[in-house]
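Here's the structure we're looking at; comments come further down.
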Amino acid sequence: MRGLVYIVDDDDAVRDSLDLLLSAAGYETHTFESADAFLAAPPKAAGGCLLSDIRMPGMSGLELMVALQERGASCPVVLITGHGDVPMAVEAMKRGAHDFIEKPFDDERLVAAVCSALARGAGPREAATVDPEAAERLATLSRRERQVMEGLVGGRSNKEIARDYGISPRTVEVYRANVMTKMRAESLAELVQTALRAGVTAN
Amino acid sequence: MDRQERAQASSVATQSLAAGGAWIVDAATGAARLSAGARRLVGAEAGEPVPDLIACLPLDEASQAEARAAIAAAAAGGADFDLTLHCIEGGEPAALRLSGGAVPDEDGTTRRLAGVICDADEEARLAEEVAARVAHLRSILETAQDGMVVIDAVGVVQSFSRAAERMFGYTAAEAMGRNVKMLMGEADRARHDGHLARYAATRERHIIGVGRIVTGMRKDGSQFPLHLSIGETDVDGRRLFTGFMHDLTEERRSENRTQQLQTELAHISRLSALGEMGSALAHELNQPLAAIGNYITGSRRLLADIPGTGRAVAALEKAAEQVLRAGNIIRRLRDFVSRRASERRVESLAKLVEEASALGLVGVREKRVALQYKLDPEHDAIFVDRIQIEQVLVNLLRNGIDAMETATRRELVISSRLASKGVLEIAVSDSGAGLAPQAMARLFEPFYTTKAAGLGVGLSISRGIVEAHGGDMSAENNADGGATFRFTLPLRSQA
């Protein structure tokens, strides 16, 4: 077994299919239909990571993560978000989530996120310390690219960023592509992670 | 003599008779026959012979002589007379008016004279009264907002009121004597002579007494809608038509504005409904799609290590690609329908509420809903997207009105209060049946509705809008019946 993954999702089919996929990828899995169910039966063994939908009836994935942190039972958390939940996901990243994955996602991306979360282990993410390599990438951004990146990390859309700085959305797209390349980010989630590691404190 | 003066004169003649009567005198004997009014004036009983008309009148000597001379002259073939005669000092009346002339027989000889006698003071008083009435009527017509134009049987303008001057830009002097067709739009202009001729021939009424909306043309050539009603009168045997005209330009304008607002709202509602449906659909479809994708990629991983499954694995990989493709289509759909960017400004809540009420109450005035505002004037400036918040208010107002459909008491109250620092709470309260428990639980779910023709997106959209503004929305039943919907919005300070 490559590691333990706790799956929390209110949708039966999604939960069951995640179970199948991660089992097939060689992980041990435990499934829960709600955040409350997970909190009611906390994992006995140390290690493992939590994979949770961010939007659920009752307690959300973000709230679950915060509740775990408050109990001192933090484990790395990967959140699954719907399209348009980016601001919430960014908020989750700032509060210590390991990663977020936007639906629809491909399995490679999911497995990579889970793998990376397990590799980090139970220790707190080194959010306070600045990763020099990430900072180096950040330093290559132009002033405008930096503004666009801060907008993205702040959960703003291209259109909103365009309005913020009085430029066209098309121009923002170009800057955005440059930012992704320079920060070596494949996805918005990676960009957020790298930016946070580089010491960006978006608000 | 214009039409009005003629009417006045004939009216005065009628009044003279009312103040007196007619007389006929035999030229040979002086014996008189008097009408009832004239007998009253001279104090003669009905049937009592009047051998000498002049002697019966209470005239002073000079006037008596004048009257006898005038009658004698007329009897001798002289002119008609019209005299104002003085009565004896202290008598009643003080003066009489005697008019008349010879009535020649067929053979040309004069055997009789005839005329009218009346109380001159009474006549003058009645004439004054008539003049006052005419002046009063004239002043009403001059100050009336509706224009009045009188034409004769062939369409020539006889009278043109002050309001008509304002309406058409012609002065009365310019309009009088010209054909009324110049005030009409092309279509009516060509047909009007035909209408008049047809009416003269058949007396079949088409517009008279009914009224209709026609197009008027001003002096400057511009056209405008007006409501025309027509009355007809006969004055001295002349047929006259009076047109009363009400300018509809302003009414049309406000009607258009209301229509435009309704269209705008309907459009936004549809767009929002589409956006909401897009979001809801995206979410609803993404869930099964995600599951399908996971099952497929999971299966592929399971098969990957088993020899001889190469084709199946390849097919599953293609299936996984198609799942992602479907997901991207949904994403684009969602982006497309939610394209309208939210534009927030500092707005006045009172103004928003007023506009939303105007829109929300369109077409429901006959339901007699009492709408009451209890807005906190201290906290009026909110930082919102005007159209979106108006839509929320319209939604809540409409729901409230629908909820009171069968209620006897129909009261809607829109109130606001400071909920906490920088946060305003707005409440829309109705006096309807209230919310059933099962409805309460699902109120804000997309596609949940209790209305026969409802789409079930109104409250879902409203809450979405409020949440996007950083507020929240809730519902509760009132202690004294009905329901209250509350939502919070940021005050200006957050701008």
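List of remarks:
- If you go through segment B:225-239 and keep only what is in contact with a Lys or Arg (Cβ under 7 Å, 6 or more places away or on another chain) and in a strand (DSSP E or B), you end up with B:Pro225, B:Leu228, B:Glu232, B:Val235.
- Within segment B:175-185, being in contact (Cβ under 8 Å) with a residue 24 or more places away in the chain and either surrounded by fewer than 19 Cβ atoms within 10 Å (Cβ to Cβ) or within 19 Å of B:Ile213 (Cβ to Cβ) (or both) holds for B:Asn179, B:Val180, B:Lys181, B:Met182, B:Leu183, B:Met184, B:Gly185.
- Per the listing A:Leu22, A:Leu64, A:Leu51, the residue uniquely part of a helix (DSSP H, G or I), closer than 29 Å to B:Ala320 by Cβ and within 14 Å of chain B (Cβ to nearest Cβ) is A:Leu22.
- Boolean, B:Pro49 is surrounded by fewer than 16 Cβ atoms within 10 Å (Cβ to Cβ) and either of a type outside the set (S, T, N, Q) or modelled with pLDDT under 85 (or both): yes
- Boolean, B:Ala326 is more than 15 Å from A:Asp107 (Cα to Cα), at the interface with chain A (Cβ under 7 Å from one of its Cβ atoms), within 57 Å of the chain's Cα centre (by Cα) and assigned to a helix (DSSP H, G or I): no
- Failed item, numbered, when A:Arg184 is tested on (1) outside any helix (DSSP H, G or I); (2) crowded, with 16+ Cβ neighbours inside 10 Å; (3) not hydrophobic (A, V, I, L, M, F, W, C): (2)
- Qualifying position, being over 30 Å from B:Ile88 (Cβ atoms) and outside any strand (DSSP E or B), among B:Asp121, B:Asp193: B:Asp193
- The residue that is farthest from B:Gly20 (Cα to Cα), among those in segment B:112-137 that are surrounded by 14 or more Cβ atoms within 10 Å (Cβ to Cβ) and charged (D, E, K, R), is B:Arg112.
- The single condition from (1) surrounded by 14 or more Cβ atoms within 10 Å (Cβ to Cβ); (2) farther than 29 Å from A:Glu63 by Cα; (3) charged (D, E, K, R) that A:Arg109 fails is (2).
- Within segment A:1-19, being more than 7 Å from chain B (Cβ to nearest Cβ) and touching a Pro at 6+ places or on another chain (Cβ under 9 Å) holds for A:Leu4, A:Tyr6, A:Asp10.
- A:Arg146 being modelled with pLDDT under 85 and out of contact with any helix residue (DSSP H, G or I) (no Cβ under 6 Å at 6 or more places or on another chain): no
- Condition broken by B:Asp60, with the remaining ones in (1) charged (D, E, K, R); (2) within 60 Å of the chain's Cα centre (by Cα); (3) closer than 22 Å to B:Ala124 by Cβ satisfied: (2)
- Candidates B:Leu397, B:Leu412 - the one that is buried (at least 22 other Cβ atoms within 10 Å of the Cβ), in contact with a Leu (Cβ under 9 Å, 6 or more places away or on another chain), under 20 Å from B:Leu489 (Cα atoms) and in contact (Cβ under 8 Å) with a residue 24 or more places away in the chain: B:Leu397
- Any chance A:Glu160 is within 14 Å of another protein chain (Cβ to nearest Cβ) and under 21 Å from A:Val8 (Cβ atoms): no
- Every residue from segment B:75-111 that is surrounded by 13 or more Cβ atoms within 10 Å (Cβ to Cβ), of a type in the set (A, V, I, L, M, F, W, C) and either at pLDDT 85 or above or outside any helix (DSSP H, G or I) (or both): B:Phe81, B:Leu83, B:Leu85, B:Cys87, B:Ile88, B:Ala94, B:Ala95, B:Leu96, B:Leu98, B:Ala102, B:Val103
- Unique match (being buried (at least 16 other Cβ atoms within 10 Å of the Cβ), in contact with a Lys or Arg (Cβ under 8 Å, 6 or more places away or on another chain), at the interface with another protein chain (Cβ under 10 Å from one of its Cβ atoms) and at pLDDT 85 or above) among B:Ala282, B:Ala290: B:Ala290
Per-residue answers, yes or no, for (1) within 8 Å of chain A (Cβ to nearest Cβ); (2) in contact with a strand residue (DSSP E or B) (Cβ under 8 Å, 6 or more places away or on another chain); (3) modelled with pLDDT under 90:
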position	(1), (2), (3)
B:Asn286	yes, no, yes
B:Asn294	yes, no, no
B:Ala312	no, no, no
B:Arg344	no, yes, yes
B:Ser357	no, yes, yes
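- Long-range neighbours under 9 Å by Cβ, at least six apart or interchain, first residue closer than 14 Å to B:Arg398 by Cα within segment B:350-361, second among the acidic types (Asp, Glu) and surrounded by fewer than 20 Cβ atoms within 10 Å (Cβ to Cβ): B:Leu359/B:Glu264
- Residue that is closer than 24 Å to B:His469 by Cβ and at pLDDT 85 or above, where the choices are B:Ser415, B:Ser431: B:Ser415
- Tally, over segment A:25-48, of residues that are assigned to a strand (DSSP E or B) and either in contact with a Gly (Cβ under 6 Å, 6 or more places away or on another chain) or more than 14 Å from chain B (Cβ to nearest Cβ) (or both): 3
- Among the residues listed as A:Leu79, A:Leu110, the single one being out of contact with any His (no Cβ under 7 Å at 6 or more places or on another chain), at pLDDT 90 or above and closer than 21 Å to A:Ala195 by Cβ: A:Leu79
- Going through (1) part of a strand (DSSP E or B); (2) out of contact with any Ser or Thr (no Cβ under 9 Å at 6 or more places or on another chain); (3) free of Cβ contacts under 8 Å to residues at least 12 places away in the same chain one by one, B:Leu137 falls short only on (1).
The values are calculated or read from the model by the stated rules, or taken from the named source; none is laboratory data. Source: prediction; values computed, not measured. As a convention, Cβ positions derive from the backbone with ideal geometry for all residues, glycine included, and neighbour counts pool all protein chains shown.
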